[in-house]
Structure formats: structure tokens, C-alpha cells
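Encoded as C-alpha cells, the structure appears first; notes follow it.
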Amino acid sequence: MMAVEMNVFYVTTPIYYPNAPPHIGHAYTSVFADVLARFNRLIGNNVFFLTGNDEHGLKIQRVAEKAGKHPKEFVDEMASVYREYWRTLGISYDHFIRTTDPYHEKAVKEAFSYIHGKGLIYKAKYSGMYCVDCEKYYSPGEYIEVDGKPHCPIHNKPLEYLEEETYYFKLSEFKDYLLDILENKDVVYPQQYAREVASKIRNEGLRDVSVARPVERVGWGIPVPFDDKYVIYVWFDALMNYLSGVGYPDDKERLQLYWSNAHHVIGKDILWFHTAVWFSILKALDLPPPRRVIVHSYLINRGLKIGKSAGNVISIEELVSRYNGSDGVRYLLARIFNTDKDSEVSFELLDSIYNSELADTYGNLARRVGTLSMKKMNGKVYRRSVDKAVADLVATHVGAYIDSMKNYEVSKALEHAMEIARYANQYVNESKPWEKPNPSKELYTLLELIRAATILLHPVIPSASLKLASSFGFEIENPLNIRLEGVERYTVVEAPILFRKVQVERQGVGVGTT
């Protein structure tokens, strides 16, 4: 699948429940979205990157009550916590949206009223099982049973029985529309997930979905504009951030600019809401589906999806400390990113990837060539001709990298960047510039190889790449424009240690795919 050339790139993460600080699972999604945003900025696209927090609902209400705080006070504090974590990881978002922002609440109310005015929202009674963590009702056949009791299939927690009047959205009316998108349009990536949702719709049909909660049970939410006894369902509220964040409903020009190139990055656990429910809401609002929904698989630790409820969370602090800052963490998360298969993650393999690729293949290469340039050429390496075989190899990997990035295959793109670095290591060993009185050709070739690799790695390791570019005297440029012999003179002022090796963890399960 080839991505369409575009001048605008709008990318979103899910907005996260701030009931606890973010962990490796949140970082996995956010770093991937950030890499896409940085790459698109680098190739000259108009990028808007939206992330934020989902601050309403019963789960937040209960966590705040437990902490002895008003929900707004609690989410205000957590917004600062999330912003600080994203600053630590270099997440270059353009806007941090909160569902308690007044402009967002206004947008949600207007959308709800608009859909109600079209006769697609109605009042009826519900009785059945409910998951507080999902903020979702479960019908028979949708939940699992543990010891004869209904449990949430995602959180593996007992469901609560509820009986109440609610407002429903006529999801059932959108079956044909949804099947057409899922089966005939290239919206969901990889397409296996579109087939999965289409199969569920064909096999089970579509049930109307509750889009409101009674205030007496869930007081923390956006009021239904025409019935103050109810608040709007947290998922309806949350999904609307993708529109309110780019101007809905007032700034139609801005909305049109970005929405036509909207890319949602999500985990597969929220696939149903981001396809069946979201596409139907958009249709009810007379809007097309997003340009792409990019779905990733789970990170698995000790056999279970990483999450607070599973007790297998790896903290961001631990990762940043172990891998010497944000760049190492970003590289590792991007390198193991997988859309097709769940990835089993442990420190054993993360250590191995970090040491072999970042510390040795790339970091040690830069240190070695920088030291030789200062020692043999006094830090000044002037342009020399680069052999055609070297230029061809770089051109091949740059082209493959760009194709991979445009196709959202970030891990594969990194392999091509590292192949240039691996070739440079081979070249330095074979050409032995330390033995030559004037190794200007060899060192220039090596610096050009390092420059190419560094530009390609920049969206993933922005701090280290900028540091090396400054130390060696070159610019981080548009990778579409990479040409060897493009630098008149390198002025190497430092041979930095970019990535210090870590002591390899020998315990725990290795990282692979399942």
C-alpha cells in the first residue's frame, strides 16, 4: 500500500484517561505518532499533531473521589503530569486538548444536538451489564464469564448490572455505510482490522449504542443540552476531540483543511469505537471518515497486555533512566512498533537492540569517525568524490526509508537508516583511514554516510541527531533532498558519545512477536 502524496498531515493519538500517570503503553502510541509528525514536518508538509486527555466519565469521577478531590482539580493536576511526561519524551504536539476545555464542551453539545435533531438520538430504557473501566455496556455474547460471572473481556474485571433510562444513538442505521467503508475504502490500516470489524457487523449486526448517562450516577460530564438530567457518554465526548481540536463547528475552513488528511493512531483495543461508532457519528454529522485509522497491536509483558490492571506496567521513568534519556526510549519503542502482531517486551531484548544498534552501529561509528577526523584532518574534511557504489547504496536505502515512512512502517524505515550505518562501519574497517597520511576521501565518504543516516534517524532521535549535526557541521535537511557530495566542508569540533552502553538484563522474557 502506497500512501498518497499530500501537503497536509493531521495526526492524533487517542486522548488518554488521566486516572494514573502514563506508562510504556501510552508512550508506545505517542512516540509513533510523534515520529510520523516529525517526518512529515521534515519533508515540508503542513503538520498538525493533536494529543491530550479524556477528562470526563465515571472512572475519573471515582478516582477523584478516592483521592478526596473534585474531579476538575484532579484532572487539572493530571494534565500537568501528562504534559511533563510528553516533554520528557520529546512529543512535539501542536495542541494538548482537554475534554474540559470550554470550546470542546461547546462542540460536543452542538454535535449532540445536531444528531438529535436528525432523529438519530432517542430515549429508551436499558438493563444489562456495564464495565466502568471501558465506560461501556456489554450485551450477552460480548462479555466473558469467569466462575459463572460476567467479566469485561478487556479488563478481566466483573461487570456491574445496571438498569436505567438513557439516550441511544441509532448505530443500527449505519450498517450498509460502515460495510462499504470497511470493505471497499482504504481507511483502516492494516486492512486486517477493517475485515475484523466488518465480520463482526455481518455476523452480529449493529445494536444502537447508549450515548448518555444519568446525572445521579455519573455527575462528571458534559450535560445533554436539552435534558439536564443526563450527561453525554464519555466516548461520544472523547471522539469529538478529533473535530473540536481543528475548529469544529465554527472554523469550517480550518476543519476542512485538516480533516481531509486526518490520521488517527490507536491501539487495537479501541478499534470498534474508532470505526463502527466514530464513522457513524461522523456520517450523522455529514462528515467523511478520517483519511486513515492506523491500528497497532499490544505490548505484552509476562504474557499479558501491559496495563495497570494487569500489574505489569513498565514506567517511563525507568525507561528514560535506563536508556540515557528520551532518544534511546523513542528509538526502542519505534523499533519494536508492530501493527500486525503483539510484541512481547522485556529489558533483555530492549537492552540488546539499544546496545547493538544505537550504541555500537550508530553511536560508536560517529564517535570513531569524529575522533579520526579531528586527529588526522584537524577537524576539517573537505568535499571529495564519493564512489558510485556508495552513492547508489545510500540512494537505495533513502528511497526505501521514505517509502516505509509514508506507509507508516517506521520500524522498517529504521532498518534502512541502520543499514547505511552498518555499511559505514564496514567501510571504515576496510578502508582503514587511520593508516593513511591523508585519508580525506575516506573520511569525507564516512561523514556523508553518517550525515545520511542521521537525517533519516532525526524523527526518532531528534536530540542526538541535532547534537551530532552540530558537532560535525552539517544540517538536518529534508530527506527527499539527500544527495552525497552535498557538503562543501565538515568542521568536526567534537566526537560525542551519543549512546552509552547499558548492562544487558539477563532475566525475563525476550522481546519478539506472538
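The values are calculated or read from the model by the stated rules, or taken from the named source; none is laboratory data. Quantities reported herein were computed from a predicted structural model and do not represent experimental measurements. We place every Cβ from the backbone using ideal geometry, glycine too, and count neighbours over all the protein chains shown.
Quick look at the numbers
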{"read-out": "Number of the condition not met by residue 294 [criteria: (1) at pLDDT 95 or above; (2) under 24 Å from residue 412 (Cα atoms); (3) part of a helix (DSSP H, G or I)]", "value": "(3)"}
{"read-out": "Identity of the residue in the stretch 336-354, charged (D, E, K, R) and crowded, with 18+ Cβ neighbours inside 10 Å, that ends up nearest to residue 294 (Cα to Cα)", "value": "344"}
{"read-out": "Those residues of the stretch 5-29 which are part of a loop (DSSP other than H, G, I, E, B) and of a type outside the set (S, T, N, Q), in sequence order", "value": "5, 6, 14, 15, 17, 18, 20, 21, 22, 23"}
{"read-out": "Answer residue from the stretch 316-344, given it is over 17 Å from the mean Cα position of the chain (by Cα) and in a loop (DSSP other than H, G, I, E, B) and is nearest to residue 88 (Cα to Cα) among those", "value": "325"}
{"read-out": "Among the candidates 393, 358, residue that is buried (at least 21 other Cβ atoms within 10 Å of the Cβ) and aliphatic (A, V, I, L, M)", "value": "358"}
{"read-out": "Candidates 387, 392, filtered to the one that is touching a residue at least 40 places away in the same chain (Cβ under 8 Å), among the acidic types (Asp, Glu) and farther than 27 Å from residue 317 by Cα", "value": "387"}
{"read-out": "Unmet requirement for residue 47, which otherwise passes all of (1) β-branched (Val, Ile, Thr); (2) farther than 24 Å from residue 250 by Cβ; (3) part of a strand (DSSP E or B)", "value": "(2)"}
{"read-out": "Restricting the stretch 150-173 to residues that are polar (S, T, N, Q) and not in a loop (DSSP other than H, G, I, E, B), the residue that is surrounded by the fewest Cβ atoms within 10 Å (Cβ to Cβ)", "value": "172"}
{"read-out": "Positions within the stretch 285-299 being closer than 17 Å to residue 113 by Cα and surrounded by 22 or more Cβ atoms within 10 Å (Cβ to Cβ), in sequence order", "value": "none"}
{"read-out": "Answer residue from the stretch 174-190, given it is of a type in the set (D, E, K, R) and part of a helix (DSSP H, G or I) and is nearest to residue 267 (Cα to Cα) among those", "value": "183"}
{"read-out": "Cβ-Cβ under 8 Å pairs, at least 6 apart or on other chains, the stretch 466-481 side of a type in the set (D, E, K, R), far side part of a loop (DSSP other than H, G, I, E, B)", "value": "467/496; 467/498"}
{"read-out": "Cβ pairs under 7 Å, 6+ apart, first in the stretch 133-154 and closer than 16 Å to residue 271 by Cα and touching a residue at least 60 places away in the same chain (Cβ under 8 Å), second part of a loop (DSSP other than H, G, I, E, B) and small (Gly, Ala, Ser)", "value": "135/57"}
{"read-out": "Subset of the stretch 320-334 (residues that are buried (at least 22 other Cβ atoms within 10 Å of the Cβ) and charged (D, E, K, R))", "value": "327, 330"}
{"read-out": "Pair list, Cβ < 7 Å and 6+ apart or interchain, from the stretch 314-342 residues that are at positive phi to residues that are assigned to a loop (DSSP other than H, G, I, E, B) and not small (Gly, Ala, Ser)", "value": "324/499; 324/500"}
{"read-out": "Residues of the stretch 50-67 classified as more than 30 Å from residue 255 (Cβ to Cβ), small (Gly, Ala, Ser) and surrounded by 19 or more Cβ atoms within 10 Å (Cβ to Cβ), total", "value": "1"}
{"read-out": "Matching residues in the stretch 50-95 - criterion: being among the aliphatic types (A, V, I, L, M) and not in a helix (DSSP H, G or I)", "value": "50, 67, 89, 91"}
